[in-house]
Amino acid sequence: MANYYSPPKAGDIVQCRFPQDKVRQPGPKERPASAIEVEEYELAGGAIEVFVTVAYGTSEGLDNCHPGELKIESTDSHAGLSLDTKFDIGNRVKLPFDDEWFAPSPNKRFGNHPKRGILNTADDTLKRRLSSVVAELKQASRPKAVDMTIRSTGGKKRKR
């Protein structure tokens, strides 16, 4: 299974096969997901293993956002979305960054890479909305990310 040449960063919007029903296998549909956290581990021999925690994205039910959901409009040129999408920051999973879980973005803005775009955190309105979503999540006591990884042993976590 191939790995992509460069990992995403927190705040990137990526093309992902988000798992259904917390089963340890890629979902049948490629969808946008928001990268929440990226971890890199250095393995013996210098190889790097990358894991990305992503939040679920959907274009369904956009008029009904629940606590912890952030709607991004397709008109946001930074996002790289073809449809308005809401990201459920409370529904997140930790996945290996490889071609089993991630697919090349349909917009090809970044070449043959899963990155579709970014959450434009330079936009003060979006920053406030994101801060509000995080506060809602804390109040709702939603569970932590589900770990779908099987990590190699002996790797040291790299600082980014």
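Readers should treat all values here as calculations from the given coordinates under stated rules, not as data from a laboratory. As the structure is a computational prediction, the values presented were derived from the model and not from experiment. Heads up, the Cβs are rebuilt from the backbone with ideal geometry, glycines too, and the neighbour counts pull from every protein chain shown.
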For region 1-118, state what percent of all Cα-Cα pairs lands in each successive 10 Å bin, counting from 0 Å until the bin that includes the largest distance.
15, 48, 30, 6, 1, 0
How about region 22-115: which trypsin sites (Lys or Arg not before Pro) there lie in a loop by DSSP and see at most 13 other Cβ atoms within 10 Å?
LYS22, ARG24, LYS29, LYS108, ARG109
So if we plug the beta-carbon distance of GLU40 and SER74 into 1/(1 + (r/R0)^6) with R0 = 30 Å, what FRET efficiency do we get, rounded to 0.05?
0.45
Scanning the chain for GluC sites (Glu not before Pro) in DSSP loops with at most 15 other Cβ atoms within 10 Å, what's the longest stretch left with none?
101-160
Within region 1-110, count lysine pairs with alpha carbon atoms under 22 angstrom apart where the residues are 8 or more positions apart or belong to different chains.
14
Using a cut-off of 15 Å between alpha-carbon atoms, which aspartates and glutamates can reach LYS138, once sequence neighbours fewer than 8 places away in the same chain are excluded?
GLU69, ASP88
Helix 124-140 sits at what angle to the longest principal axis of the chain, using alpha carbons and giving 0 to 90 degrees rounded to 10?
80
